[in-house]
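Okay, structure first, notes after.
Computed from the coordinates by the stated procedures, all read-outs in this text should not be read as laboratory data. Only a predicted model underlies this, so the values are computations on that prediction, with no experimental measurement involved. Every residue, glycine among them, receives a Cβ derived from its backbone with ideal geometry; neighbour counts consider all protein chains shown.
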Amino acid sequence: MIRHTVVFRLKHAAGSPAETAFLKDALVLATIPGVDKFERLQQVSPKNDYRFGFSMEFAGQAAYSAYNDHPDHVAFVRDRWIPEVEAFLEIDYKPYGRQPIERPRPGVAAAPRGKS
């Protein structure tokens, strides 16, 4: 699994119709085959000046490479991203170590552990 993330700041004024249109039009990325768990995110921390983020997952490198080369992705980057994004940081992750780590949920008793 690869999680592709990018945080960014647009050239458009906050709350402007152009900002809204960009974020709406980005939904085309979610329709590209191989894209799972696509999210548009809004920054809430004052620790940096990025305002938005996109996050998505791919089953593996082949799906991620196909996404990068897909005509809808290429067109979005060329026609929208390059002209409208002022700054960004892209980070791609894969799981580290043993996954997933199970944590007890509040109000749910943990299953008893057997002795080996």
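Observations on the structure shown:
- Helices (runs of 4 or more DSSP H) (entirely within segment 1-84) containing at least 3 residues that are closer than 25 Å to Pro95 by Cβ: 61-69
- Test: residue in segment 46-53 that is under 14 Å from Trp81 (Cβ atoms) and in contact with an Asp or Glu (Cβ under 9 Å, 6 or more places away or on another chain): yes
- Scanning segment 46-67 for residues that are farther than 14 Å from Leu10 by Cα and surrounded by 12 or more Cβ atoms within 10 Å (Cβ to Cβ) yields Ser55, Met56, Glu57, Phe58, Ala63, Tyr64, Ser65, Ala66, Tyr67.
- Candidate set from segment 83-106 (those that are closer than 21 Å to Gln43 by Cβ and of a type outside the set (Asp, Glu)); member that is surrounded by the most Cβ atoms within 10 Å (Cβ to Cβ): Val85
- Restricting attention to segment 31-59 and to residues that are of a type in the set (A, V, I, L, M, F, W, C) and out of contact with any Lys or Arg (no Cβ under 9 Å at 6 or more places or on another chain), the residue that is farthest from Val74 (Cα to Cα) turns out to be Val44.
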